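The values are calculated or read from the model by the stated rules, or taken from the named source; none is laboratory data. What you see is a predicted model; the values in this text were computed from it and never measured. A quick note on method: Cβ atoms are made from the backbone with ideal geometry, for glycine too, and the neighbour counts reach across all protein chains shown.
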Amino acid sequence: MTTQNTASLNAVQLPQSPISCSNFIGGKWVAATGPQFDIISPYSGRVIGRVGHSTAGDIDEAVRSAATAAKVWGRTPIKERCAVMFRFRQNLLRDIELLSHRISAESGKTLAEARAGVMKGIEVTEFATSLQNIESGGKMEVSRGVTCEYRREPLGVVAGITPFNFPAMVPLWMIPIAITLGNAFIWKPSDKTPLTSILIAELMKEAGLPDGILTVIQGGRETVEAILDHPGISSIGFVGSTPVARQVYTRGSAHGKRVLALGGAKNHIILMPDADPDLAARGIADSFTGCAGQRCMAASVLLAVGDCDALLKEITAKASAIRLGEEMGALITQEARERIRSAIDAAQENGATIRLDGRTPQLGQEWSAGHWLAPTILDQVKPGTQAAVEELFGPVLSIVRVKTLSEALAIQSTSPFGNAASVFTRDGGVAERVCRESKAGMVGVNIGVPVPREPFSFGGVAESKFGQGDITGPSSLDLWTDLKKVTTKWSVASDQNWMS
């Protein structure tokens, strides 16, 4: 079956001329000293910008500037730091349309997806503004004349390395919290989607953030390695694929850095025969097609328990009606599209049947050179094959047929990943069993993308995460601060005991 969806002329505004993307160091735009590369829009396949790759020398300059600024910023009262974040939040809301068009142009997202990513980033920024109230330290008189307290202290210069699929949201998971806690932050955006970083840096500067507290360093692998190796950077947050996350964690930790590296996933949805048809069709179709499947929370495998044929028809109908360019965006590169098309071919050779074929979507002239792949649904996928176990990172849903819930949970538990798992059912007992037995850091009940809302934190388990804690929420504070303990006594108590 071939999808009849066509890429429509949606309202995404592509830059009229290529944008030059530089480093932002000490409050100024500075050209990177490494080679220049083109930035290609997934929508049109044409050049929309140029980005330079930073060298170890550029990183040195950035760290020196950040370290100088961090000394003053770390001593600034947290209420003043929060005031900057309040103004930054207002700037994000004011310019959300400009940001959304920029995100869509360089990442291939739809405008709705781009706006949603900014809104999630604003949600985390709001959490950061609350730190002045929830993270004021603790103090207790532990014995007569003796008090103990703890204080959170910034680490100084910290860094974040963020992926192409969320040019604004993922950076905003890290930057507001780390900066509000008193650090200077060095941000290395993806070299495929660096243009959004220009706008975010300008909005931070406009909000009154002192020069040097936010640094943007452009580049690719060599730039990342220079960040991981630099002795002046204390802590690093990373989001990307599992192989790279593992390398980032290993290399950064070897240099004594605190590292939290979030990797990829192969998320499972368990579909029970009693599931609400409309809820299941909407939730599952949106999960595997959202962001063109290029997100670590996308549904990759549907474990259909028993007779789910009527439900699968509803899911297929919902997915086949998705309009490219309006309801689903493009893939990041032509190489990604060809890789996923090859995986679909391989699944068919391995015995899978194709319920919905998105390999040859019909395209309008404006988007004909873009990186388009329509929703694809594979049925009768065998456990253990590529389509069942590897993260394809595209709009492909693999249906694995199972007889029982126990069989479904057994398959889910064999995955080396542990980001998300979901179940669609009307049975509360079934839902609770899936929540209890799933090997995943985030679990959904009748929700296809179970991303928690702040202050509940985002983070998986197993090979979806390397390091401790989560990237957002209260547990993220341990990534960006040290916990100092202070014990005080001013006089000798008359009734001393072993504690005093």
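Return the residue satisfying two criteria in turn: it lies in the range 377-391 and is over 25 Å from the mean Cα position of the chain (by Cα) and not in a loop (DSSP other than H, G, I, E, B), and of such residues it is farthest from Cys308 (Cα to Cα).
Leu378
If you go through the range 258-268 one residue at a time, do you hit one that is under 30 Å from Leu98 (Cα atoms) and among the polar types (S, T, N, Q)?
No; the residues of the range 258-268 include none that is under 30 Å from Leu98 (Cα atoms) and among the polar types (S, T, N, Q).
Residues are listed down the side, and each one gets a yes or a no for (1) more than 14 Å from the chain's Cα centre (by Cα); (2) within 27 Å of Pro452 (Cα to Cα):
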| position | (1), (2) |
| --- | --- |
| Glu141 | yes, no |
| Val158 | yes, yes |
| Pro171 | no, yes |
| Ser197 | yes, yes |
| Glu206 | yes, no |
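Looking at (1) assigned to a helix (DSSP H, G or I); (2) assigned by TED's automatic domain parsing to the domain that holds Leu303; (3) not aromatic (Phe, Trp, Tyr), find the lone condition where Asp478 falls short.
The failed condition is (2).
Answer yes if at least one residue in the range 120-128 is among the hydrophobic types (A, V, I, L, M, F, W, C), at pLDDT 95 or above and surrounded by fewer than 22 Cβ atoms within 10 Å (Cβ to Cβ), and no otherwise.
Scanning the range 120-128 turns up at least one residue that is among the hydrophobic types (A, V, I, L, M, F, W, C), at pLDDT 95 or above and surrounded by fewer than 22 Cβ atoms within 10 Å (Cβ to Cβ).
Applying the selection to the range 344-368, what residues are assigned to a strand (DSSP E or B) and surrounded by 15 or more Cβ atoms within 10 Å (Cβ to Cβ)?
Ile354, Arg355, Leu356, Asp357, Leu363
Working only within the range 265-285, note down all residues that are surrounded by fewer than 22 Cβ atoms within 10 Å (Cβ to Cβ) and either farther than 13 Å from Leu303 by Cβ or within 26 Å of the chain's Cα centre (by Cα) (or both).
Answer for the range 265-285, where residues must be surrounded by fewer than 22 Cβ atoms within 10 Å (Cβ to Cβ) and either farther than 13 Å from Leu303 by Cβ or within 26 Å of the chain's Cα centre (by Cα) (or both): Asp274, Asp276, Pro277, Asp278, Leu279, Ala281, Arg282.
For the range 279-291, state whether one or more residues are of a type in the set (A, V, I, L, M, F, W, C), under 17 Å from Glu463 (Cβ atoms) and in a helix (DSSP H, G or I).
no
With respect to Thr223, determine if the residue is assigned to a helix (DSSP H, G or I), farther than 18 Å from Asp60 by Cβ and not charged (D, E, K, R).
Here the answer is no, as Thr223 does not meet what is asked.
Could you go through the range 151-171 and let me know if any residue there is surrounded by fewer than 18 Cβ atoms within 10 Å (Cβ to Cβ) and either under 22 Å from Ser235 (Cα atoms) or in contact with a His (Cβ under 9 Å, 6 or more places away or on another chain) (or both).
Within the range 151-171, one or more residues are surrounded by fewer than 18 Cβ atoms within 10 Å (Cβ to Cβ) and either under 22 Å from Ser235 (Cα atoms) or in contact with a His (Cβ under 9 Å, 6 or more places away or on another chain) (or both).
What pairs come up if the first residue lies in the range 213-224 and is polar (S, T, N, Q), the second is assigned to a helix (DSSP H, G or I), and their beta carbons are under 7 Å apart, counting only those six or more places apart or on different chains?
Thr215/Ala62; Thr215/Ser65; Thr215/Ala66
Met119 - would you say it is among the hydrophobic types (A, V, I, L, M, F, W, C) and in a strand (DSSP E or B)?
Criteria not met by Met119.
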